[in-house]
1. Only one of (1) touching a Lys or Arg at 6+ places or on another chain (Cβ under 7 Å); (2) open to solvent by 10 Å² or more (accessible area, probe 1.4 Å) is not met by V165, so which one is it?
2. Could you check the range 14-27 and list, in sequence order, the residues that are exposed (fewer than 13 other Cβ atoms within 10 Å of the Cβ) and either hydrophobic (A, V, I, L, M, F, W, C) or in contact with an Asp or Glu (Cβ under 8 Å, 6 or more places away or on another chain) (or both)?
3. Across the range 109-130, what is the number of residues that are modelled with pLDDT of 95 or more, under 14 Å from the mean Cα position of the chain (by Cα), open to solvent by 20 Å² or more (accessible area, probe 1.4 Å) and not hydrophobic (A, V, I, L, M, F, W, C)?
4. How many of the residues in the range 131-156 are in a loop (DSSP other than H, G, I, E, B) and surrounded by 14 or more Cβ atoms within 10 Å (Cβ to Cβ)?
5. Looking only at the range 97-106, decide whether some residue is closer than 16 Å to K166 by Cβ, basic (K, R) and part of a helix (DSSP H, G or I).
6. Name the one entry in G90, G105 that is buried (at least 18 other Cβ atoms within 10 Å of the Cβ) and at pLDDT 95 or above.
7. For residues in the range 40-64 being open to solvent by 10 Å² or more (accessible area, probe 1.4 Å) and assigned to a loop (DSSP other than H, G, I, E, B), which is nearest to F13 (Cα to Cα)?
Amino acid sequence: ASGLYRSNIQMLFSYFKKNPAALNDEGLKLLYPRPYFDLIQDASRGKIDSFLVMGLVRQESGFDARAVSHARAKGLMQIIPQTARRLASGGHRKLLNEKENAKMGVKYLLQLAADFENNVELVLAAYNAGPHRVFEWQRRNPERKQNPQLWNDLIPYMETRDYVVKIGRAHV
């Protein structure tokens, strides 16, 4: 009810990690809340899995529509102003508007999906580290298609490796 989803999720995760027997359906609902679900579903328009977007929002902003990162990424989907300018006219001025941020974030995810043949792990890695880095990692590891799990483990940035795994886990 407080809207402090990120701190609540962190606190509950610590609690359930120490007390796994206490985890039940109600606890899972608290760990994976669904604020903004209707807004995300509208922005997704059936073109991308709304639960994947929700997992990304959970990881990026902890459902804080006013979140601003040290890299100046803003809003629910933590979009940097430079990317927002490419996604929408005046997009950089709309980043703290939940609806506009969700629309831009979904549009960007769809662009990345087209660039990376709808491979969820590559799309998420590109959303986090930038598409140019993922293209470079693919160039350096062309055998990725034979063993995608190994490739994920070899993502050079630990933050991006963890990011892909956490969103994959939340995407349920």
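The values are calculated or read from the model by the stated rules, or taken from the named source; none is laboratory data. What you are looking at is a predicted structure, and each value in this text was computed from that prediction instead of being measured. With ideal geometry, Cβ positions are generated from the backbone for all residues, glycine too; neighbour counts draw on all protein chains shown. Ligands, DNA and RNA are excluded from the accessible area calculation, which covers all protein heavy atoms including side chains. Shrake-Rupley method; radii C 1.70, N 1.55, O 1.52, S 1.80 Å.
1. Here V165 clears every test but (1).
2. Just the residues of the range 14-27 that are exposed (fewer than 13 other Cβ atoms within 10 Å of the Cβ), to begin with: 14, 17-22, 24-26.
Within the range 14-27, A21, A22 qualify.
3. Result for the range 109-130: 2.
4. The initial filter retains those residues of the range 131-156 that are in a loop (DSSP other than H, G, I, E, B), namely 141, 146-147, 154-156.
Subset that is surrounded by 14 or more Cβ atoms within 10 Å (Cβ to Cβ): 141, 155.
So the count comes out to 2.
5. Initial filter on the range 97-106 (closer than 16 Å to K166 by Cβ): none.
No, there is no match, as no residue in the range 97-106 is closer than 16 Å to K166 by Cβ, basic (K, R) and part of a helix (DSSP H, G or I).
6. Details: G90 fails: buried (at least 18 other Cβ atoms within 10 Å of the Cβ).
Answer to the selection: G105.
7. Restricting attention to the range 40-64, the residues satisfying the condition of being open to solvent by 10 Å² or more (accessible area, probe 1.4 Å) are 41-42, 45-52, 54, 58-60, 64.
Applying the additional criterion that residues be assigned to a loop (DSSP other than H, G, I, E, B) yields 45-49, 64.
Numbers: R45: 31, G46: 31, K47: 31, I48: 27, D49: 25, D64: 18 Å.
My answer is D64.
One line per residue, one yes/no per condition, for (1) under 26 Å from P81 (Cβ atoms); (2) free of Cβ contacts under 8 Å to residues at least 40 places away in the same chain:
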| site | (1), (2) |
| --- | --- |
| L95 | yes, yes |
| A102 | yes, no |
| F116 | yes, yes |
| V123 | yes, yes |
| Q138 | no, yes |
| P142 | no, yes |
| Q149 | no, yes |
| G168 | no, no |
